[in-house]
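To start, the structure under review is shown below, and the notes come after it.
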There are 2 protein chains.
Amino acid sequence: MEKFKVTFYPDNKVAEVDKGSTILSSAISAGIYLNSSCGGDGVCGRCKVIVKKGSVYAQPSGRISQEERKKGYVLACLATIESDLEVEIPAESRLGLDRISVYTKTEEIETVKPAESEDIFIHSPLATKLFLELPQPDQADRISDLERLYRGICKIKDIQIMQTGLANIRGLGELLRLSDWKVTVTLGNRNGTTEIVLVEPQDTSLKNYGIAFDIGTTTLSGQLVDLNNKKVLGTRITYNRQATFGADVISRIIYAQKEDGLGVLHHAVIDGMNMIIVDLISEHGINLSDVTCCVCAGNTTMIHLLLKVDPTFIRRDPYVPTANFVPVVRAAEAGLRINPRGLLFCVSGISSYVGGDVTAGVLSSGMYKTEKLTLFIDIGTNGEIVLGNKDWLICAAASAGPAFEGSGVACGMRAVNGAIQRVSINPKDLSLKCDTIGNVPPSGICGSGYIDLLAELLKTGIIDKNGKFNTNKANTRIRDGEQGKEFVVANKKDSDIVITEADIENIKRAKAAIFSAASVLVRHMGLEFSAIEQIFIAGGFGTYLDIEKSITIGLLPDLDRKKFSFIGNSSLAGSREILLSSDALQKSQDIAKKMTYFELSTDATYMDEYVAALFFPHTDSNRFASVKI
Amino acid sequence: MEKFKVTFYPDNKVAEVDKGSTILSSAISAGIYLNSSCGGDGVCGRCKVIVKKGSVYAQPSGRISQEERKKGYVLACLATIESDLEVEIPAESRLGLDRISVYTKTEEIETVKPAESEDIFIHSPLATKLFLELPQPDQADRISDLERLYRGICKIKDIQIMQTGLANIRGLGELLRLSDWKVTVTLGNRNGTTEIVLVEPQDTSLKNYGIAFDIGTTTLSGQLVDLNNKKVLGTRITYNRQATFGADVISRIIYAQKEDGLGVLHHAVIDGMNMIIVDLISEHGINLSDVTCCVCAGNTTMIHLLLKVDPTFIRRDPYVPTANFVPVVRAAEAGLRINPRGLLFCVSGISSYVGGDVTAGVLSSGMYKTEKLTLFIDIGTNGEIVLGNKDWLICAAASAGPAFEGSGVACGMRAVNGAIQRVSINPKDLSLKCDTIGNVPPSGICGSGYIDLLAELLKTGIIDKNGKFNTNKANTRIRDGEQGKEFVVANKKDSDIVITEADIENIKRAKAAIFSAASVLVRHMGLEFSAIEQIFIAGGFGTYLDIEKSITIGLLPDLDRKKFSFIGNSSLAGSREILLSSDALQKSQDIAKKMTYFELSTDATYMDEYVAALFFPHTDSNRFASVKI
């Protein structure tokens, strides 16, 4: 097979690829991830690149304008390579790079204050370090080194079943003697037994760190935690690089069935997680070897891909995953770069479409132990709804798309510095005021910003209840863009920050999917929304979500505002609680076992509910009586 | 560094080695193991080779005669390479080849009938196969594949803690569906938990095999067992290739401290074990993947080397091994070629010099559960003595050397076909009659043969009580050999089978070490030999050991012959019992914990006892009153 060299700018990275490969796949092999929410089908038009030199065969696409074509633009997924190439990747086509300044750095985020429930769990991290000063052997005390170690541990901890790997035994004799019988053991909670994960010379017990992860379809969040004092040292988020291969779990599962698709998706998520790990530990001057465990919460497909387990059967009737309860494994087995013997815990999931992220959310929300009838709504690419209390829990999932995570929308971004998170429009002069996270000049709009913006556009009549622009209003801000009509939210140096009609349509579908899922689930239990006593809203919105405005657009039901609490990324919070407590781990497993899954797609009323919700706030205005637009 | 090519004949194998390497190390790197009981120190003189072409620097050695020197003989360990070489290796210098006909084939041995105690353990192999016909998932039963598997197993077996590896989960979804939900799981007993070792399509439950090993300093024995019906399918023995690096555990430990010495010794033992495995399974048409576990009993140094654990501290005061209780590991981690996920169990040991082979021996002898005061003597390169009964057990070890295993003696061989195992000499005409194992022409003398031979030589006065030849007797058979006087036992085509005065000296030291160890241990407990109610004699003597003649030479104490039982290779028997029963495994651990170790080397009387025993049968003839020589 003829080989060609493709050089990517401005990265200056080179890939050697077969003739006929796509530019998209060549970019991936050079370690460059492009936007491609359709998974490379030529539909989304987000993987535009400029061919500077060389020859490609580019399938025609309506996503490339006449003018762009002249400049050399092609869709990377539709352009196959015919010669050596030089390709430039515009910032907006780049996944996870489009609106952040530093390439290698993932983003630090502010998070909602830990839920009150956090401290109820006994502090018993999944990996603990224990400093031992062992008595030296002598004529009267000649038990073997390993037995001596066990005896030393059991003097301090009551352990029923202790396990050790050969790797720890091999160097033990020398290690004990060189360290003068003073060693630190790391003990891991491993499927109901205790494993000696590590034996280190001298006292390293003060250095014991873990990482909690929320692995979202669109966004990865990681949090570095000092396991000794429960302190959160830092939080990072980055795009899940898998987004190059499709925006939602279904397109990922389809991609996984391609040749080596599973491996590619696996590496894509692992790369992102490893980048978060390196970023967090280098900032805090922590050694990789002192990170002894990590906990991952994610939807079922994400966990399968993380572990390189074939997700095929998740989307085949009767929709059964390979594992909901994943045993503890060595993090290195999955490719995670922490201590090579460190452990990986995956939070137990409920079904093919409700995963451990929801279990973690329910755990951190505390709803599993309250008397009150509670509704839990996790707003993400997959929207998950849980209804119940301490006695029962039922859940459902709806595919909302990544709009609320700032993906698949023209100027979307995550809830990080520079994101517009609050918007108000003066009804008199239609002047617009934005707040950005970090009070820095705006670089895009995050989920809570979109909710605010839509609510304000509705209230001021700039858009109608169908989501179309009323050009009679605010006509200085409404203009024709490449993708149709758009509204200028803020001016930026290179390109303005806008919301397009297509964006509004995307958000409408997302909010309709979530609202209708909640509505059907509540009714399935023979209840009305009015019976709900408290509502937890979770999602990656940073520290802010305006409940009033969420109701205004019809995302959340029209109930007494006092019933609502915004709890932030509850999956990450639950993951951290588990990291810090074996009790929390046990409780999470109880929750996952206890929760019933309700399949929306087979419910006759779901599609009707969804269609009725494709309106702001809803076609049935009686259901949003308090909303005045 | 200058490189030279060394070609070994008749193997026609080539090694590329650095200038200055010894011929011995070059041979090892070509995969050829030479005799070298001194571990390459130029002392034993057993690694003679003939330099046919090329130049070496050979340190002078009294082990090479004038005549040999003329023919090009050198000691491989003392000859360093100065040019490309051609080297011939005489059969007698070759380890494990010297007296067997087929190079690649290990030797099949007859074994003593399993001890009566064997059947007391419940049949519960360390790895069991379970065929499951799982219900297919449907709308009403949507638990994940892994949970379905667990549920299926738990319907049949009550399992507290179940573990699985990622490797089994990765392919599970497809495997279950392709096999129509009919699978066989292999469940392994792993340190107090149950591990799903394997999941295979369809019903393979009838194919489940294990291998029991006795890893001796000189001899490796392996036994293939059908785990379903407890049937022993075959037994093989071969030399432990580590013998190239020293005859006893001390010289091995010293060798292990050389650069890569540990790795070399590790591979040497693993190579031999893998050869036994391949030989056994190919004879019986069994797939490697159906061998799911193996159990190894060996002295503490052997187990360290098997696992590639540094044995250094075994011989440093206060003589503490790294592990006596080794956790279950994957056999592949140690380099053993059975199913790649198969398990390796090492029988728990007692101390640095009394290992799991003794635990296994005590288990299979049943002495741990008898009321009777019992003495257990394991005659091997390391001689081990255990005294006690169901209430208490005490043990000691003495370095006997490999003479009883047919090593370190001129015409020694293992107890396999062609070995002279019985000898009688007619006192009238001094004519000699030999029985060989398999009734084939003799090719050497095994341990029981040497015992018989010595007893007969003594009784007929051909040797005196000091072990020197009386040239007035049998003078047609006594002649001057290269190593001094020798007695011709049988005539062979190429070279006669003889016993030399040096051999007799070796055997005298070996029997003295064992007898005096037993004597000191009995007295240490405030007892006399006469108090012993039964005596078990273990060792690799095949099916035959003449107790009367063993007493005649002073190897065993002079007690009522009815008290003695010869139990063969009790380490291998115990290893097999453990392979077949988790109860036996538990019992072996109890035995190892319970047994007290007595250090002979620090006992003031041991050396006196030893010196007193360097006589046939003993300097104090009152202790062997019934022996008439």
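Every number in this text was worked out from the coordinates using simple rules, so none of it is lab data. Just so it is clear, the model here is predicted, and its values are computed rather than measured. Heads up, the Cβs are rebuilt from the backbone with ideal geometry, glycines too, and the neighbour counts pull from every protein chain shown.
Calculate one ³J(HN,Hα) per residue across segment A:65-78 by plugging θ = phi - 60° into the Karplus curve 6.51 cos²θ - 1.76 cosθ + 1.60, and present them in order as whole Hz with x for glycine and proline.
Couplings: 6, 3, 5, 4, 4, 4, 6, x, 5, 9, 7, 4, 6, 9 Hz.
Report, in degrees rounded to the nearest 10, the 0 to 90 angle that the Cα long axis of helix B:570-579 makes with the longest principal axis of chain B.
10 degrees
Using the 7 Å Cα-to-Cβ label point, sort the distances from B:GLY20 to its equivalents in the other copies shortest first and give them in nm to one decimal.
Ordered by increasing distance: 5.7 nm.
As a footprinting exposure proxy, order A:MET595, A:MET273 by other Cβ within 10 Å, with the fewest listed first.
Starting with the residue having the fewest Cβ neighbours, the order is A:MET595, A:MET273.
Just from its helices, what would the mean residue ellipticity at 222 nm be for chain A, if runs of 4 or more DSSP H residues each count -39500 (n - 2.57) and the sum is divided by every residue, rounded to the nearest 500 deg cm²/dmol?
Using -39500 (n - 2.57) per qualifying helix, the result is -7500 deg cm²/dmol.
Which distance in Å, rounded to a whole number, links the C-alpha centroids of segment A:333-361 and segment B:574-614?
A separation of 47 Å, based on Cα centres.
Starting from the eigenvalues of the Cα gyration tensor, five times each then square-rooted, give me the equivalent ellipsoid semi-axes of segment B:127-201, largest first, whole Å.
Those come to 20, 13, 11 Å.
Say the dipole of chain A comes from +1 at the beta carbon of Lys and Arg and -1 at that of Asp and Glu; which of A:GLY380, A:SER424, A:ALA513 then lies farthest toward its positive end?
Most positive-ward Cα: A:SER424.
Report, for segment B:3-94, the % of DSSP beta bridges that are antiparallel, rounded to 5.
80 percent
From the phi of every residue in segment A:151-166, what ³J(HN,Hα) in whole Hz does the Karplus formula 6.51 cos²θ - 1.76 cosθ + 1.60 yield, where θ is phi - 60° and glycine or proline is x?
Per-residue couplings from phi come out as 4, x, 5, 5, 5, 9, 10, 8, 10, 7, 10, 10, 10, 9, x, 4 Hz.
Round to a whole angstrom and tell me the spacing of the C-alpha centers of segment B:482-526 and segment B:371-425.
12 Å
For segment A:207-346, with only Lys/Arg (+1) and Asp/Glu (-1) charged at the beta-carbon, what is the dipole magnitude about the Cα centre, in debye rounded to 20?
180 debye
Hey, rough spin-label estimate for A:LYS155 and B:ASP158, points 7 angstrom out along Cα→Cβ, what's it come to in nanometres?
If labels sit at A:LYS155 and B:ASP158, their model points lie 3.7 nm apart.
May I ask for the angle, rounded to the nearest 10°, between helix A:501-524 and the longest principal axis of chain A, with both axes built from Cα atoms and the value confined to 0 to 90°?
Once rounded, one gets 60 degrees.
Using only the alpha carbons of segment B:167-270, determine the length spanned along each of the three principal axes and report them from longest to shortest in whole angstroms.
The principal-axis extents, from largest down, are 56, 33, 26 Å.
Pull up the cross-link candidates among the lysines for A:LYS70, meaning alpha carbon to alpha carbon under 29 Å and not fewer than 8 places away within one chain.
A:LYS3, A:LYS5, A:LYS13, A:LYS19, A:LYS48, A:LYS52, A:LYS53, A:LYS485, A:LYS492, A:LYS493
Kirkwood Rh, Cα Rg: Rg to Rh for chain B?
Using Cα coordinates only, the ratio equals 1.01.
Along the charge dipole of segment B:485-629, which of B:ALA613, B:SER582, B:VAL522 sits closest to the positive end, that is, farthest toward it, with unit charges on the beta carbon of Lys, Arg, Asp and Glu (+1, +1, -1, -1)?
Projecting each Cα onto the dipole axis, the largest value belongs to B:SER582.
Using only alpha carbon positions, build the gyration tensor of segment A:207-346, then give the equivalent ellipsoid semi-axes as the square roots of 5 times its eigenvalues, largest first, whole angstrom.
Here the semi-axes work out to 27, 15, 12 Å.
Please list, short to long, the whole-number percent of alpha-carbon pairs of segment A:231-294 in consecutive 5 angstrom bins beginning at zero.
Bins of 5 Å from zero give 4, 16, 23, 18, 13, 11, 11, 4, 0 percent of pairs.
Find which of B:ALA474, A:SER251, A:GLY42 sits farthest along the positive direction of the dipole of the protein assembly as shown, computed with +1 on the beta-carbon of Lys and Arg, -1 on that of Asp and Glu, about the Cα centre.
So the residue furthest toward the plus end is A:GLY42.
Taking each pair of distinct Cα atoms in the protein assembly as shown once, what is the resulting Kirkwood hydrodynamic radius in Å?
The Cα-based Kirkwood calculation yields 35.1 Å.
Can you list the residues, at least 5 places off or on another chain, whose amide H is less than 5 Å from the amide H of B:THR322, using H built in the peptide plane?
Under 5 Å from the amide H of B:THR322 lie the amide H atoms of A:ASP145, each far enough along the sequence or on another chain.
Tell me, what is the Rg over Rh of segment A:303-383, with Rh the Kirkwood radius over Cα pairs?
Taking Rg over the Kirkwood Rh, I get 1.03.
Which distance in nm do the two modelled labels at B:LYS594 and A:LYS70 give, with both placed 7 Å along the Cα-to-Cβ direction?
Distance between the two pseudo-spin positions: 9.6 nm.
Would you mind computing the Rg to Rh ratio of segment B:3-94 from its alpha-carbon coordinates, Kirkwood style for Rh?
Value, to two decimals: 0.91.
If the label for A:GLU482 sits 7 angstrom from Cα along the Cα-to-Cβ line, what are its distances to the same label in every other copy, in nm to one decimal, shortest first?
Between copies, matching label points for A:GLU482 lie 9.0 nm apart.
In degrees, nearest 10, range 0 to 90: what is the angle between the Cα axis of helix B:582-594 and the longest Cα principal axis of chain B?
50 degrees
Rounded to whole angstrom, how close does the nearest chain B beta-carbon get to the axis mapping B onto A, and which residue is it?
Chain B residue with minimal Cβ-axis distance: B:THR193, 3.
Run through the DSSP bridge list for chain B and note the antiparallel percent, rounded to the nearest 5.
Around 70 percent of the beta bridges assigned by DSSP in chain B are antiparallel ones.
Kirkwood hydrodynamic radius (Cα pairs, Å) of segment B:499-617?
Mean inverse Cα-Cα distance, inverted, gives 16.2 Å.
Enumerate the amide H contacts of B:ARG94 below 5 Å, restricted to partners 5 or more residues apart or on another chain; note that Pro and chain-start residues carry no placed amide H.
Those lying under 5 Å, H to H, from B:ARG94 are B:ASN35.
Run through all the Cα pairs of segment B:264-306 and give the fraction in each 10 Å bin from 0, expressed as whole percent.
For segment B:264-306, the binned pair fractions read 24, 48, 25, 2 percent.
Taking the Cα centre of chain A as origin, work out the dipole magnitude from +1 charges on Lys and Arg Cβ and -1 charges on Asp and Glu Cβ, in debye rounded to 20.
520 debye
Using only the alpha carbons of segment A:351-508, what is the convex hull's orientation-averaged projected area in square nanometres?
Computed as one quarter of the Cα hull surface, the answer is 11.2 nm².
Per residue of segment A:23-28, what does 6.51 cos²θ - 1.76 cosθ + 1.60 with θ = phi - 60° give for ³J(HN,Hα)? Whole Hz please, x for Gly and Pro, Karplus curve as stated.
4, 4, 5, 5, 4, 4
Under a point spin-label approximation (7 Å from Cα along Cα-to-Cβ), what is the B:GLN136-B:LYS258 distance to one decimal in nm?
Those two pseudo-labels are separated by 6.4 nm.
Where the only charges are on Cβ atoms (+1 Lys, Arg; -1 Asp, Glu), what is the dipole of the protein assembly as shown about its Cα centre, to the nearest 20 debye?
About 480 debye.
So who's got an amide H within less than 5 Å of the one on A:ARG422, skipping anything under 5 residues away but keeping other chains? H placed 1.01 Å off N, in plane.
Residues meeting the amide H criterion: A:ASP435.
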